[in-house]
Amino acid sequence: MIVVSALLRSLNPIAVARGDDVPDAVRIDGHTLSRSDVLGAATAVAARVSRADRVAVVATPTATTVVAVVGCLLAGVTVVPVPPDSGPAELAHILTDSGAQAWLGPAPEVAGDGIPELPVLPVRLHARDWHHVPEPDPSRIAFVLYTSGTTGAPKGVLLSRRAVAAGLDALAEAWDWSDRDTLVHGLPLFHVHGLILGVVGALRTGSRLIHTGRPTPQAYAEAGGSLYFGVPTVWTRMVEDEDCARALSGARLLVSGSAPLPVPVFERLRELTGLTPIERYGMSETMLTLSTRVDGERRPGWVGTPVAGVETRLRDGQGRDVPHDGESIGVLQVRGPMLFDGYLNRPEATAEAWTDDGWFVTGDVAVIDAGGFHRIVGRESTDLIKSGGFRVGAGEIETVLLGHPAVREVAVAGLPDSDLGQRIVAFVVPFDDGPEVVADELIELVAGRLSVHKRPREVRVVRSLPRNAMGKVQKKLLQ
Ligand code: MCA
Ligand code: AMP
């Protein structure tokens, strides 16, 4: 008996065996894989990993990563995607916290204290296995995604197969995303955006996938897709290259998310391509909950209405209802079938994330108008920074910088940046008699220990940090 994978609907062994294949289902890193290539190689991976519970995958944008992830999804083994630019501190944390039992695919060449030695299970792109793999239970955890909080080390977000399926189906409905599409993006494969939407979404809807390696205007222009995903920085760079932007005019949908799309970029993109961008909103914890629709209004600066199965509400600081009048702001709370199961090993953080009556508190401040349209005003906390679409906690960077002998005090904040949305800036108070503060040294320290995308782009030496009467740093004054 052969069972079609319920999660990865397009990888249908019966259709593939009939010769009803798609020869260019996935193009990535110089490889072109048909559906049968992906299915055969991933089933071979599934056989190899099936006795593990949880494996780590270095999430490089490669065919190996795609086959590794699909193999785990077939087998019901949890994937822990590891950012390829992780330094030793980040790597040690992700591996120990997640309890990953092996590397699936190549292990990173990073040495350091506290990094567990794990066995390596190879991923062979040319292996083929056509055994039937029973469909895992929908409650199984598909992914542990590490994401930053305001303080401390990143937390592991547990996303079940059920949540992934519901989240993808809601987007397929809102965007009319189907096997007629060719999806193009060049986003990293360790977040919801690039990995779950950008890879699993393509294999569930049956759209072809072209991963461009990096999300450059040139690569997007050359890809000739129908559906494009990008973070706002990608679209900002796109409109600066008018010829590349115009080359997208044959597409069906340009989708922006992970951070606010500046209104001038929205307008310019529409002028250059003739397409009105779709903006959508989500979090690692919730997948995507709000979006404008293919058949609805697309209003610059607004992220649309709840996708299928999602409900939203706004609450003020006292927990009172905030009216949906398009002006009153409150903290956005959501519920729906695509929400996570909690933070791994963090029962308190998990409990704090939900209200007593079962709503997830996003930490984003928003308004909702009378028609149900949502606008994200910003984050409640200045300690969560969004830079280039990456979520970075000020606290984790401050902890690393305080380890440098020149740094007496430090505050990290996100300052407005026309390219990255927010630029990570470290305000450093040096020791009077300590070594000189060398900006590049501090930037390298963070890039090396945590990850390159968490590095401050700027270091400012200050005499003191603005503090309130309680001694707490006033980051709003730094911004
Ligand atoms: C620069 N480089 C360095 C250093 N500085 N390497 C080592 N040490 C340094 N100090 C290298 C980098 O490794 C990289 O090399 C190259 O220089 C450029 O890096 P960088 O300047 O950091 O990149 P960028 O051009 O500024 O990046 C812009 C970007 C990126 C491409 C848009 O920010 C990006 O990919 N963002 C996507 C984030 C994302 O997907 N977020 C989704 C999460 P090399 O070229 O070799 O790599 S949000 C989510 O999932 C929710 C649910 C949602 O709503 O979507
Ligand atoms: P992450 O967990 O990395 O996905 O980051 C989630 C955060 O990204 C949200 O809490 C928002 O602050 C932000 N975000 C995602 N999409 C949007 C959007 N379209 N507009 C504004 N902020 C967004």
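One line per residue, one yes/no per condition, for (1) touching a His at 6+ places or on another chain (Cβ under 7 Å); (2) at pLDDT 95 or above; (3) outside any strand (DSSP E or B):
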residue: VAL412; (1), (2), (3): no, yes, no
residue: GLN422; (1), (2), (3): no, yes, no
residue: ALA426; (1), (2), (3): no, yes, no
residue: ASP433; (1), (2), (3): no, no, yes
residue: ILE443; (1), (2), (3): no, yes, yes
residue: ALA447; (1), (2), (3): no, yes, yes
residue: PRO456; (1), (2), (3): no, yes, yes
residue: VAL459; (1), (2), (3): no, yes, no
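Going by what's in this entry, would ARG408 be described as without any contact (Cβ under 8 Å) to a residue 40 or more places away in the chain and under 20 Å from the mean Cα position of the chain (by Cα)? Considered against the rule, which asks whether it is without any contact (Cβ under 8 Å) to a residue 40 or more places away in the chain and under 20 Å from the mean Cα position of the chain (by Cα), ARG408 comes out as no.
Please tell me if ASP241 is of a type in the set (Asp, Glu), within 15 Å of ligand 1 (Cβ to nearest atom) and either on the phi < 0 side of the Ramachandran plot or touching a residue at least 24 places away in the same chain (Cβ under 8 Å) (or both). So ASP241 fits the description; yes. The set of residues in the range 87-101 being farther than 13 Å from LEU450 by Cα, assigned to a helix (DSSP H, G or I) and free of Cβ contacts under 8 Å to residues at least 60 places away in the same chain consists of LEU95, THR96. The residues on offer are ARG204, ARG124, and the sole one that is crowded, with 22+ Cβ neighbours inside 10 Å, of a type in the set (D, E, K, R), more than 11 Å from ligand 1 (Cβ to nearest atom) and over 17 Å from THR78 (Cα atoms) is ARG204. Going by the conditions given, is THR382 on the phi < 0 side of the Ramachandran plot and buried (at least 16 other Cβ atoms within 10 Å of the Cβ)? In short, yes. Are any of the residues in the range 58-77 within 19 Å of GLY194 (Cβ to Cβ), surrounded by 24 or more Cβ atoms within 10 Å (Cβ to Cβ) and in contact with a Cys (Cβ under 9 Å, 6 or more places away or on another chain)? No, the conditions are met nowhere in the range 58-77.
Of the strands (runs of 3 or more DSSP E) that lie entirely inside the range 208-302, those containing 2 or more residues that are within 16 Å of ligand 2 (Cβ to nearest atom) span 227-230, 253-256, 278-283, 287-291. Only one of the numbered conditions (1) more than 21 Å from ASP179 (Cβ to Cβ); (2) in a strand (DSSP E or B) is violated by THR32, and that is (1). Can you spot a residue in the range 185-201 that is touching a residue at least 40 places away in the same chain (Cβ under 8 Å), within 15 Å of ligand 1 (Cβ to nearest atom), in a strand (DSSP E or B) and of a type outside the set (S, T, N, Q)? Yes; the residues of the range 185-201 include at least one that is touching a residue at least 40 places away in the same chain (Cβ under 8 Å), within 15 Å of ligand 1 (Cβ to nearest atom), in a strand (DSSP E or B) and of a type outside the set (S, T, N, Q). Of the residues in the range 226-236, at least one is farther than 26 Å from VAL334 by Cβ, within 11 Å of ligand 1 (Cβ to nearest atom) and in contact (Cβ under 8 Å) with a residue 12 or more places away in the chain. Counting the residues of the range 384-410 that are in a loop (DSSP other than H, G, I, E, B) and within 12 Å of ligand 1 (Cβ to nearest atom) gives 2.
The values are calculated or read from the model by the stated rules, or taken from the named source; none is laboratory data. Quick caveat, the model's predicted, so the values are computed rather than measured. A quick note on method: Cβ atoms are made from the backbone with ideal geometry, for glycine too, and the neighbour counts reach across all protein chains shown.
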